[in-house]
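Asker: One structure, as structure tokens, below. Some questions next.
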Amino acid sequence: MKVITTELAGVLLLEPKVFGDVRGFFLETWQAARYAEAGLPERFVQDNQSRSRRGVLRGLHYQLIQPQGKLVWVTRGTVFDVAVDIRQGSPQFGRWYGCVLDDIDHRQLYIPPGFAHGFCVLSDEADFFYKCTDYYHPQSERGIAWNDPAIGIDWPLQEVSLSGKDQQNQQLAAQRSEDLPVYEG
């Protein structure tokens, strides 16, 4: 497995070894010891999967209580995936990293706790899988506006389909300080 550090400390792009031939392919999507060597937590407690159609944008989401680190990848289709550092006091506050994840390269992205996360679907449909370091806590779920000009994410799509909840997300500057995680250096 190849581990690629990104411009955001703690956000890692992972390229697993894929073994393929005319019959198809095989890869390990998770192996605790190997991923721990790469700097990922050894404990994930919840797996999630979503299916979305072209143009769907999910995010930018985070949890204030029980913040989740996420290891994400696409099992079918193509998405543009984004992590945003929203930790108060972080030297990277408001900066983002984005990459394409698909079912061809099988790359994975690790987003640590304290970051907002979102993705938009570029293929006709996409199956998106993620492992979480903590449980879903709906009472502390928060969101940042996907098109916040202060963050300036360069989404590959301008026309997107949002959930009603995501349509209500405010810009990062409008968030109350008690609704943002704190950088612990």
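Throughout, read-outs are computed from the coordinates displayed, never taken from laboratory work. Predicted model only: the values in this text are computed from it and were never measured. Glycine also receives a Cβ, built like all others from the backbone with ideal geometry; neighbour counts cover every protein chain displayed.
Asker: Scanning region 164-173 for residues that are in a loop (DSSP other than H, G, I, E, B) and either loosely packed, with under 14 Cβ neighbours inside 10 Å or free of Cβ contacts under 8 Å to residues at least 24 places away in the same chain (or both), which turns out farthest from the chain's Cα centre (by Cα)?
Answerer: My answer is Gln168.
Asker: Any idea which residue in region 115-135 is nearest to Val72 (Cα to Cα), counting only those that are among the small types (Gly, Ala, Ser) and surrounded by 24 or more Cβ atoms within 10 Å (Cβ to Cβ)?
Answerer: Gly118
Asker: Go through (1) assigned to a loop (DSSP other than H, G, I, E, B); (2) over 19 Å from the mean Cα position of the chain (by Cα); (3) of a type in the set (D, E, K, R) one by one and return the number of the condition Arg34 breaks.
Answerer: Checking Arg34 against (1) assigned to a loop (DSSP other than H, G, I, E, B); (2) over 19 Å from the mean Cα position of the chain (by Cα); (3) of a type in the set (D, E, K, R), the one that fails is (1).
Asker: Of all the strands (runs of 3 or more DSSP E) wholly in region 67-163, which have at least 3 residues that are more than 23 Å from Tyr183 (Cβ to Cβ)?
Answerer: 70-76, 78-85, 96-102, 115-121, 125-132
Asker: Looking for whichever is over 16 Å from the mean Cα position of the chain (by Cα), farther than 20 Å from Glu141 by Cα and in contact (Cβ under 8 Å) with a residue 24 or more places away in the chain here; the options are Gly24, Gly89. Which one fits?
Answerer: So the residue among Gly24, Gly89 that is over 16 Å from the mean Cα position of the chain (by Cα), farther than 20 Å from Glu141 by Cα and in contact (Cβ under 8 Å) with a residue 24 or more places away in the chain is Gly89.
Asker: Please work out which one of (1) without any contact (Cβ under 8 Å) to a residue 60 or more places away in the chain; (2) part of a loop (DSSP other than H, G, I, E, B); (3) not small (Gly, Ala, Ser) is the condition Phe44 fails and give its number.
Answerer: (1)
Asker: If you don't mind, another one. Only one of these is without any contact (Cβ under 8 Å) to a residue 40 or more places away in the chain and buried (at least 19 other Cβ atoms within 10 Å of the Cβ): Leu60, Leu101. Name it.
Answerer: It is Leu101.
Asker: How many residues does region 116-148 hold that are under 15 Å from the mean Cα position of the chain (by Cα) and either closer than 23 Å to Pro16 by Cα or free of Cβ contacts under 8 Å to residues at least 24 places away in the same chain (or both)?
Answerer: Qualifying residue count, region 116-148: 13.
Asker: Does region 174-185 contain at least one residue that is assigned to a strand (DSSP E or B) and either within 24 Å of Ser50 (Cα to Cα) or acidic (Asp, Glu) (or both)?
Answerer: no
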